[in-house]
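Working notes, structure below.
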Amino acid sequence: MTAAVVTVSDSCARGEREDRSGPAVAQVLQKLNFSIDVREVVPDESLSIQNLLIRLAREVRLVVTTGGTGIATRDVTPEATVAVCDRLLDGVAERMRSEGTKKTPFAALSRVVCGVRGSALILNLPGSPAGAVESLEAVVGLIPHALELLDGKTAH
């Protein structure tokens with residue numbers, strides 16, 4: 001299974017801060033036998049995020065973003081994701097928030113989105129390393145089945 005990990009962060013894109021969330025997410029995915037084909041850092045710019053998601057959805061089966069999912073003015077990852085998805089998977093995002101609130105009430109402020117573009121699954125995660133890993137772990141068991149469904153394997 002192929003995957004891409006995208007860190008959405010102005011300060012990381014400018015080289016002012018080390019990206020810790022992207023590597024943490026990639027490590028979890030590698031343990032689950034995903035091949036991380038692409039690692040990218042992009043600023044909090046909606047068009048840049050959209051263009052990258054469109055390209056990556058053609059190249060890999062799973063695109064995971066980390067960052068830009070809060071309520072700050074520059075947090076535009078959810079809007080960029082919604083703009084490029086064919087369908088949204090609201091239950092996946094709900095599960096991440098639900099599990100996250102068991103550790104911190106601030107998880108309720110997360111605006112993560114999950115959706116489908118073509119045959120690729122796009123999953124937004126929070127920007128903190130712990131939040132990103134915990135959110136991914138909350139839904140990682142759903143990903144193989146979701147990818148099978150996108151492959152047309154719909155027999156139950």
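At-a-glance table
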{"item": "Qualifying residue in segment 136-154 (condition: more than 24 Å from GLU16 (Cβ to Cβ), without any contact (Cβ under 8 Å) to a residue 60 or more places away in the chain, in a helix (DSSP H, G or I) and touching a helix residue (DSSP H, G or I) at 6+ places or on another chain (Cβ under 6 Å))", "result": "yes"}
{"item": "Matching helices (runs of 4 or more DSSP H) fully within segment 1-109 where at least 1 residues are within 21 Å of GLU137 (Cβ to Cβ)", "result": "21-31, 77-84, 90-100"}
{"item": "Lone unmet requirement of (1) open to solvent by 10 Å² or more (accessible area, probe 1.4 Å); (2) over 13 Å from the mean Cα position of the chain (by Cα); (3) at pLDDT 95 or above for ASN33", "result": "(3)"}
{"item": "Residue match in segment 74-90 (condition: open to solvent by 30 Å² or more (accessible area, probe 1.4 Å), at pLDDT 95 or above, within 27 Å of GLU16 (Cα to Cα) and among the aliphatic types (A, V, I, L, M))", "result": "yes"}
{"item": "So ARG117, is it touching a helix residue (DSSP H, G or I) at 6+ places or on another chain (Cβ under 7 Å), of a type in the set (Lys, Arg), closer than 16 Å to GLY68 by Cα and touching a residue at least 24 places away in the same chain (Cβ under 8 Å)", "result": "no"}
{"item": "Unique residue being under 20 Å from SER35 (Cβ atoms) and either without any contact (Cβ under 8 Å) to a residue 24 or more places away in the chain or buried (at least 16 other Cβ atoms within 10 Å of the Cβ) (or both) when the list is VAL60, VAL112", "result": "VAL60"}
{"item": "Residue selected from segment 4-23 under the condition of a type outside the set (Gly, Ala, Ser) and open to solvent by 50 Å² or more (accessible area, probe 1.4 Å), by the criterion farthest from ALA120 (Cα to Cα)", "result": "GLU16"}
{"item": "Residue count for segment 81-134, restricted to those that are small (Gly, Ala, Ser) and over 20 Å from ILE49 (Cα atoms)", "result": "7"}
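The values are calculated or read from the model by the stated rules, or taken from the named source; none is laboratory data. What you see is a predicted model, and the numbers here were worked out from it, not measured in a lab. Using ideal geometry, Cβ is built from the backbone for each residue, glycine included, and neighbour counts are taken over all protein chains shown. Calculation scope for accessible area: heavy atoms of the full protein, side chains included, ligands and nucleic acids excluded. Shrake-Rupley method; radii C 1.70, N 1.55, O 1.52, S 1.80 Å.
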